[in-house]
Amino acid sequence: MKCVICKQGRTHSGMTTVTLGRGHITVIIKDVPAEICENCGEYYLSEEVTEKVHDLAEHAVQHGVEIEVLRYVA
């Protein structure tokens with residue numbers, strides 16, 4: 001698909017790192033499957049992957065972490 005951010009590049013399947021923050025909490029999730037723009041690097045997650053990323057982050061928040069680095073496992 002054509003990137004909606006830069007409008008120049010096309011996306012290709014790959015892996016990315018997602019960083020989420022809430023207040024004083026930061027959750028970093030590595031090796032997340034995504035469509036990544038070859039031009040600007042913007043990434044797009046599927047609905048299923050987005051849901052799992054949010055679940056992982058919410059779990060970390062509920063356990064009171066300040067910073068958490070996780071690896072995405074399908």
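Any residue at all in the range 66-74 that's surrounded by fewer than 17 Cβ atoms within 10 Å (Cβ to Cβ), touching a helix residue (DSSP H, G or I) at 6+ places or on another chain (Cβ under 8 Å), over 24 Å from Cys3 (Cβ atoms) and basic (Lys, Arg)?
no
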Inset, instruction - Give the range 5-27 a look and list any residue that's free of Cβ contacts under 8 Å to residues at least 24 places away in the same chain and either part of a loop (DSSP other than H, G, I, E, B) or of a type in the set (S, T, N, Q) (or both), or say none. - result: Lys7, Ser13, Thr17, Thr19, Gly23
Legend entry - Of all residues making up the range 38-65, the number that are surrounded by 11 or more Cβ atoms within 10 Å (Cβ to Cβ) and over 14 Å from the mean Cα position of the chain (by Cα): 7
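Residue-wise test of (1) touching a residue at least 24 places away in the same chain (Cβ under 8 Å); (2) closer than 20 Å to Gly9 by Cβ; (3) out of contact with any His (no Cβ under 9 Å at 6 or more places or on another chain); (4) assigned to a strand (DSSP E or B).
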| site | (1), (2), (3), (4) |
| --- | --- |
| Ile29 | yes, no, yes, yes |
| Ala34 | no, yes, yes, yes |
| Lys52 | no, no, yes, no |
| Leu56 | yes, no, yes, no |
| Val61 | yes, no, yes, no |
| Val65 | yes, no, yes, no |
| Ala74 | yes, no, yes, no |
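Here is a yes/no grid of residues against (1) modelled with pLDDT under 95; (2) in contact with a Gly (Cβ under 9 Å, 6 or more places away or on another chain):
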residue: Gln8; (1), (2): no, no
residue: Thr11; (1), (2): no, no
residue: Thr17; (1), (2): no, no
residue: His24; (1), (2): yes, no
residue: Glu38; (1), (2): no, yes
residue: Asp55; (1), (2): no, no
residue: Ile67; (1), (2): no, no
residue: Tyr72; (1), (2): no, no
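The values are calculated or read from the model by the stated rules, or taken from the named source; none is laboratory data. None of these values were measured; they are calculated from a predicted model. With ideal geometry, Cβ positions are generated from the backbone for all residues, glycine too; neighbour counts draw on all protein chains shown.
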